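Derivation of every value follows stated rules applied to the coordinates shown; laboratory data play no part. Everything numeric here is computed off the predicted structure, so don't read it as measured data. Note that we place each Cβ from the backbone using ideal geometry, even for glycine, and neighbour counts take in every protein chain shown.
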Amino acid sequence: MTVARVSSWGRLSDAEHSVVPITSAAGAGAILAATAPGIARGMERSYGDVALNPGGTLWDARSLNRFLAFDAETGILRCEPGVLLRDIQATFSRQGWMLAVTPGTSVVTVAGAIANDVHGKNHATRGTFADHVLSVNLVRTDGAVIVCGPASNREWFEATCGGLGLTGLIVEASIQLKKVPGPWLLAENIAYQSLGEFFELSDASEAEFEYVVSWIDITTDGGRRGILSRANPTPSPHRALPRGATVLGGVRSGPAIPFVPPFSLVNKATLPALNRAYYRMQHLSLGSSVVHYKPFFYPLDAIQEWNRAYGPRGFFQHQCVLPRSVGASAVAEILGHVAASGQGSFLGVLKTMGSRPALGMLSYPREGVNLTIDFPNLGDSTLRLLARLDSVVSQAGGRLYLAKDARMPVSLFRAGYPRWEEFLQYKDPGMSSEMSRRLLGS
Amino acid sequence: MTATDSRKSRGNSGAWPTDVVVVGATSAIAEQCTRLWLEGGASTALLIGRDEEKLTRIATDLGVRFPAAAVTTLVADLVSPASISATVAGFAGPGTFGAASGAGLTVLVAHGSMTEQEESQASLDAAASVLEITGVSPSLWIEACADTMTAGTISVLGSVAGDRGRKKNYIYGASKALIEAMTEGLQHRLAGSALRVVLVKPGPTATPMTTALPQAGLAPVEAVAGEIVAGVNAGRPVVYAPLKWKLIMAVVRNIPTPVFNKLNF
């Protein structure tokens, strides 16, 4: 055990935690019992307090990062909880398999991906991460071991996928990988000038493209311009892999933001310029090209510790999904509030979500439209703006993504996640995070 | 992409081994290095250690990652001279795969004890155990390799802690300093031969062994392993990982003793 300061990706706090290493699945039960209450940590890529437990125990099982078995016929992978998605992609793309669903960073653990039931740019066709999980082994703080999956202990599975790490420590998982022709995608970038154009383009793209996502310039009022990217896997055997895909290139540090600047580099003065620059840069690459999966799936992984750019006070991310029926007007309303405030960043993401209902009790994805915006933390003015955005989400009948949240009101949580009470039956009483105390009461 | 392509790629300087033998293979740094060597094109790995269950888990993982590679494990006493001598003869002696591999063989000696200074200072028995496991035993492994191998690379994990004794870790540091003098002597003895000897000095690294240290200054184990593999492949006599420790330790070594003794670090 050691006391260490731990921050999540939003860098809004750096409280001390008692970090307790867990180095074997067999020994986990005894350690949990002796050090509960606590919560498991992963790679600290969640933005808020879902994996923080200030002043308390943080279980660290990240050294459990081994593959246990892989069937090259069926594509079923069994692995330890600390395996990084990055390692899965790199290892199996060589053998013709990749994750069916991946979020926008590959530097997350398998257990973290399950606990937050992450989704990607192909929600419409592939659903969420949990839709490809075949089984999960949990160890509870009372020493009980639970193995659950879509067909066995289904209720435990629904509680655990998206369950914020509160149903037990994940010590093993089996995942169904997806057959791919290789690590390449045929991608296309298209500019749009209005929200109406975005929705038309997005709907038309979903019929033909597995991956669809868009960047939106949050600073322009009137015209809502952006760049929609769409892609399909493609065979392309004769290309040299990018530098990051070489053996030592992959582990040597790429460019990084080397220190925390004294103020946010993203601010009122730079925001319009950053958005214009980003738009122009993307505008140069309109049209089709064959791209490696890394820059397409994980553009921000190329810059280490990019979250430092928001300065010492950190940042909030507001990610909401709004029902499609009211989505267009609600998105316009949110963008109106943001533009009026002069806050925000150049990393706005707009995409539509598919109709497949997520299986987790607290899973975020649902049918509709998803809007994601970062906000440098300016204190009260940012919190007031976020509250205005919350009320749009609430009126639209939408929900906020728990993995990104550090401050949503309990009322919005309960309205957005109607199965929260059912979830409580499966919560391990010895597992507790800042978020669970804030939103679930324990 | 073929293995040959990846060897030519930027960042992959030096010659990739065809066969690796890792002593103390269950340490986090050793495990990462083994992954990288196999990824870079090594076709066999022999994992030597004390804990059979852990060795098997690591070998299984490597088998999934690199289905074309042959990964084998060997449980051995890492301390007794007779065991060291027999084990090295078993993989590098005449007629073995190590001998056949020639310059393609790389051995990494990675084991050590991470007993806290307080604990090893509390009794001579504890201090003797740290000195033996961390200093004497790895030194005997590289000595046995030098006596047995005729070509290839012998690498061993020292530590920046061996560059100057400090009150916080001098028993561990002294063990690593022993390894340093051994490698210097072996490099001298083997100069001009087909054998290369590489001393690796990792800085503080984030591993399960170092959870008791403040985590902020620790380098991620995979970055450290990347530097080690690059340095060992290139056959550099001394590899600091990360490189910044070369500069830091040059400063630390040159602080005058009266000043040094007033510092609390």
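Return the Cα extents of the protein assembly as shown along principal axes one, two and three, sorted largest first, each rounded to a whole Å.
78, 55, 55
Mind jotting down the three principal axis lengths of the stretch A:366-427 based on Cα atoms? Whole angstrom, largest first.
Extents along the principal axes: 38, 25, 18 Å.
Could you please report the charge total around A:VAL180, scoring K, R as +1 and D, E as -1 over all other residues with beta-carbon less than 11 angstrom from its beta-carbon?
Neighbour charge sum, excluding A:VAL180 itself: +2.
How would you classify the stretch B:41-102 from its alpha-carbon gyration tensor, with a ≥ b ≥ c the square roots of the eigenvalues: rounded for a/c under 1.5, else prolate if a/b is greater than b/c, otherwise oblate?
Oblate.
Full extension from A:ARG419 to A:TYR278: what is 0.36 nm times the residue separation minus their Cα-Cα distance, to one decimal in nm? Can you show the working numbers first?
Numbers: separation 141, 0.36 × 141 = 50.76 nm, distance 3.96 nm.
Answer, rounded to one decimal: 46.8 nm.
Can you classify the stretch A:102-157 as rounded, prolate or oblate using the Cα gyration tensor, where a ≥ b ≥ c are the square roots of its eigenvalues, rounded means a/c under 1.5, and otherwise it's prolate if a/b beats b/c and oblate if not?
Oblate, because a/c is 1.5 or more while a/b does not exceed b/c.
Provide a whole-number value for the mean count of partner chain Cβ atoms within 10 Å of the Cβ atoms in peptide A:61-72.
4
Where does the charge balance sit around B:GLY112 when Lys and Arg score +1, Asp and Glu -1, over other residues with C-beta under 11 Å from its C-beta? Before the final figure, lay out the partial values.
Details: positive: B:LYS176; negative: B:GLU132.
Once all neighbours under 11 Å are counted, the net charge is 0.
With the dipole of the stretch B:164-265 worked out from charges on the C-beta (+1 for Lys and Arg, -1 for Asp and Glu) around the Cα centre, which of B:LEU243, B:THR183, B:ILE255 lies farthest toward the positive end?
B:ILE255
Show me the three semi-axes of the equivalent ellipsoid for the stretch B:134-265, from the C-alpha gyration tensor (sqrt of 5 times each eigenvalue), largest first, rounded to whole Å.
Sorted largest first and rounded, they come to 26, 17, 14 Å.
Within 10 Å of each Cβ of A:85-97, how many other protein chain Cβ atoms are there on average?
2
Take A:THR23, A:THR219 and order them by how many other Cβ atoms sit within 10 Å, fewest up front.
A:THR23, A:THR219
Nothing charged except the Cβ atoms of Lys and Arg (+1) and of Asp and Glu (-1): what's the magnitude of the dipole of the stretch B:15-120 about its Cα centre? Round to the nearest 20 debye.
Computed about the Cα centre, the dipole is about 420 debye.
How much net charge surrounds B:LYS167 when only the other residues with a Cβ under 14 Å from the Cβ of B:LYS167 are counted, with Lys and Arg +1 and Asp and Glu -1?
Once all neighbours under 14 Å are counted, the net charge is +2.
Sort the stretch A:291-399 into rounded, prolate or oblate with this rule: let a ≥ b ≥ c be the square roots of the eigenvalues of the Cα gyration tensor; rounded if a/c is under 1.5, and if a/c is not under 1.5, prolate when a/b is larger than b/c, oblate otherwise.
oblate
Evaluate Rg over Rh across the stretch A:43-103, taking Cα atoms for both radii and Kirkwood's formula for Rh.
Ratio value, two decimals: 1.07.
How large is the charge dipole for chain B, taken about the Cα centre, if only the Cβ atoms of Lys, Arg (+1) and Asp, Glu (-1) carry charge, to the nearest 20 debye?
Computed charge dipole of chain B: roughly 1000 debye.
Please go through the stretch A:132-184 and write out the chymotrypsin sites (Phe, Trp or Tyr not before Pro) that DSSP classes as loop and that have at most 16 other C-beta atoms within 10 Å. Walk me through the numbers before you get to the answer.
Numbers: sites: A:TRP156, A:PHE157, A:TRP184; in loops: none.
Answer by residue number: there is no such site.
For a quick check: sort B:TRP16, A:TRP306 by the number of other beta carbons within 10 angstrom, fewest at the front.
By the 10 Å Cβ count, ascending, the order reads A:TRP306, B:TRP16.
One quarter of the convex hull surface, Cα atoms only: what value does that give for chain B in nm²?
Approximately 14.6 nm², given one-decimal rounding.
Sort A:THR35, A:THR91, A:THR74 so that the residue with the fewest other Cβ atoms within 10 Å of its own Cβ comes first and the one with the most comes last.
Ranking A:THR35, A:THR91, A:THR74 by Cβ neighbours within 10 Å, fewest first, gives A:THR74, A:THR35, A:THR91.
Could you tell me the ratio Rg/Rh of the stretch A:180-239? Both radii from Cα atoms, Rh via Kirkwood. Working shown, then result.
Working: Rg = 13.7 Å, Rh = 12.5 Å.
With Rg and the Kirkwood Rh in hand, the quotient comes to 1.10.
Could you sort out which of B:LYS168/B:LYS201; B:LYS54/B:LYS201; A:LYS179/A:LYS294; A:LYS121/A:LYS427; A:LYS351/A:LYS404; A:LYS178/A:LYS404 sit more than 22 Å apart by Cα distance in this structure?
With Cα atoms farther than 22 Å apart: B:LYS54/B:LYS201; A:LYS121/A:LYS427; A:LYS178/A:LYS404.
PRE reach from A:THR234 (point 7 Å along Cα→Cβ): which of the stretch A:184-226 fall under 19 Å by backbone N?
Flagged as within label range: A:184-191, A:205-214.
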